[in-house]
Amino acid sequence: MKDKVVIVTGGARGIGASAAAAMAGQGAKIVIADLLEEDGRKTAAEHGGLFVKHDVTSEESWQAVVAAALEAHGRIDGLVNNAGVASNLLIEKESLEYFEKVLKINLSGVFLGLKAVLEPMKAAGGGSIVNISSAAGLTALPGTAGYGSSKWGVRGLTKIAALEFGPYRIRVNSVHPGMTYTAMTSQHGAQVGEGMFPLAALGRVGVPDEIGAAVSFLISDAASYVTGAELAVDGGWTAGEVVMLDQVTAQS
Ligand code: NAD
């Protein structure tokens, strides 16, 4: 990880900020790219990193982020495509406009990121990209038409990119957080604590640092033979039907 130059989109807060902290702690040079200026500058300053105001849906904005990273550090070794927004309406209530907005940020944003870093990573002799999907990209969750579709898309796009970028020694993997305590989920009632999330085998929601550690591993050379993989970091939420445990226990 030492001296790797890593761009983290949506890195101003939440999971992105935790991933940045984990990588900076191991000596990476971080570029925080986010719409949120105040939080972004603060997070970047905490980790000795650079902040660039960024909108993942804009190709020009991606060019600016790449240019800033190259100007500051001369190379790009890693990208964490983490920026995202949620949706939580039933199909019958979700508008086409919002559905397409979520796809644009969560899926097209990742596509633009892959395109933007390809040449710099080729020039660096390789690289590692982590795309943040979700448990909602591994299993169907009601009320996530836009969000879930985007995250299933990110999971597939990750594997396509892994095949296309492999010859350039660029690894591409997806991380699938489960219910994690951030601004995105706390407003919908997520609560930290043992027993607060019985749908997961571990019975609790995760905290951003637990996702950041997995991202850091995949960016680092410790994962040098891992590409095209999907890593669930979800307390066992998508491993299977944990609710059946009570029934089986009662019967046996
Ligand atoms: P968050 O809202 O705290 O952080 C998201 C960040 O993305 C914010 O800083 C926001 O400003 C930024 N962002 C949004 N749109 C952007 C755009 N167009 N351009 C640049 N930046 C933009 O949420 P979080 O929980 O930390 O989520 C981070 C990622 O993890 C998202 O992709 C989310 O879907 C995924 N995820 C989160 C959870 C969870 O439970 N929190 C679970 C699964 C997956």
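Does at least one position in the range 31-42 carry a residue that is crowded, with 16+ Cβ neighbours inside 10 Å, modelled with pLDDT of 95 or more, of a type in the set (Val, Ile, Thr) and within 13 Å of the ligand (Cβ to nearest atom)?
Yes, the range 31-42 contains at least one residue that is crowded, with 16+ Cβ neighbours inside 10 Å, modelled with pLDDT of 95 or more, of a type in the set (Val, Ile, Thr) and within 13 Å of the ligand (Cβ to nearest atom).
Please verify whether Gly27 is surrounded by fewer than 16 Cβ atoms within 10 Å (Cβ to Cβ), small (Gly, Ala, Ser) and within 21 Å of Pro120 (Cβ to Cβ), treating the condition exactly as stated.
Yes: the conditions hold for Gly27.
Taking Ser186 and the conditions (1) touching a Ser or Thr at 6+ places or on another chain (Cβ under 6 Å); (2) closer than 27 Å to Tyr98 by Cβ, which numbered condition does it fall short on, given that it satisfies the others?
Condition not satisfied by Ser186: (1).
Just to be sure I understand the filter: pairs with C-beta atoms under 6 Å, separated by 6 or more residues or on different chains, first member in the range 189-211 and among the aromatic types (Phe, Trp, Tyr), second member in a loop (DSSP other than H, G, I, E, B) and more than 12 Å from the ligand (Cβ to nearest atom). Which pairs pass?
Correct list of pairs: Phe197/Arg204.
A quick yes/no check of all residues on (1) within 12 Å of the ligand (Cβ to nearest atom); (2) in a loop (DSSP other than H, G, I, E, B); (3) of a type outside the set (Asp, Glu):
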position: Gly195; (1), (2), (3): no, yes, yes
position: Arg204; (1), (2), (3): no, yes, yes
position: Gly212; (1), (2), (3): yes, no, yes
position: Phe217; (1), (2), (3): no, no, yes
position: Tyr225; (1), (2), (3): no, yes, yes
position: Gly236; (1), (2), (3): no, yes, yes
position: Val242; (1), (2), (3): no, yes, yes
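Suppose we filter Glu71, Glu92 for residues that are of a type in the set (Asp, Glu) and not in a helix (DSSP H, G or I); which single one remains? Before the answer, list the steps.
Numbers: Glu71 fails: not in a helix (DSSP H, G or I).
When all the criteria are applied, what remains is Glu92.
In the range 160-189, what count of residues is obtained for those that are open to solvent by less than 40 Å² (accessible area, probe 1.4 Å) and either touching a strand residue (DSSP E or B) at 6+ places or on another chain (Cβ under 7 Å) or at pLDDT below 95 (or both)? Outline the logic, then answer.
Step one: list which residues in the range 160-189 are open to solvent by less than 40 Å² (accessible area, probe 1.4 Å), which gives 161-162, 165-166, 170-178, 180, 182, 185.
Within this subset, residues satisfying the condition of being either touching a strand residue (DSSP E or B) at 6+ places or on another chain (Cβ under 7 Å) or at pLDDT below 95 (or both) are 161-162, 165, 170-178, 180, 182, 185.
Residues in the range 160-189 being open to solvent by less than 40 Å² (accessible area, probe 1.4 Å) and either touching a strand residue (DSSP E or B) at 6+ places or on another chain (Cβ under 7 Å) or at pLDDT below 95 (or both): 15 in total.
Within the range 95-139, which residues are among the polar types (S, T, N, Q), in a helix (DSSP H, G or I) and over 22 Å from Ala67 (Cα atoms)? Write out each step before concluding.
First pass over the range 95-139, keeping only residues among the polar types (S, T, N, Q): 95, 106, 108, 128, 131, 133-134, 139.
So of that shortlist, the ones also in a helix (DSSP H, G or I) come out as 106, 108.
The answer is Asn106, and nothing else.
Would you confirm, using the coordinates I've provided, whether Phe111 is open to solvent by 30 Å² or more (accessible area, probe 1.4 Å), under 21 Å from Ile160 (Cα atoms) and in contact with a helix residue (DSSP H, G or I) (Cβ under 8 Å, 6 or more places away or on another chain)?
It is true that Phe111 is open to solvent by 30 Å² or more (accessible area, probe 1.4 Å), under 21 Å from Ile160 (Cα atoms) and in contact with a helix residue (DSSP H, G or I) (Cβ under 8 Å, 6 or more places away or on another chain).
Taking the options Ala213, Ala223, Ala201, Ala250, name whichever one is open to solvent by less than 40 Å² (accessible area, probe 1.4 Å) and not aromatic (Phe, Trp, Tyr).
Ala223
Could you please give the count of residues in the range 140-168 that are in a helix (DSSP H, G or I) and within 15 Å of Gly178 (Cα to Cα)?
5
The values are calculated or read from the model by the stated rules, or taken from the named source; none is laboratory data. Bear in mind that the values here come from a model prediction, so they are computed numbers and not experimental data. FYI the Cβ positions are ideal-geometry reconstructions off the backbone, even for glycines, and counts take in every protein chain you see. Surface areas here come from the heavy atoms of the whole protein model, side chains and all, with no ligands, DNA or RNA. Shrake-Rupley method; radii C 1.70, N 1.55, O 1.52, S 1.80 Å.
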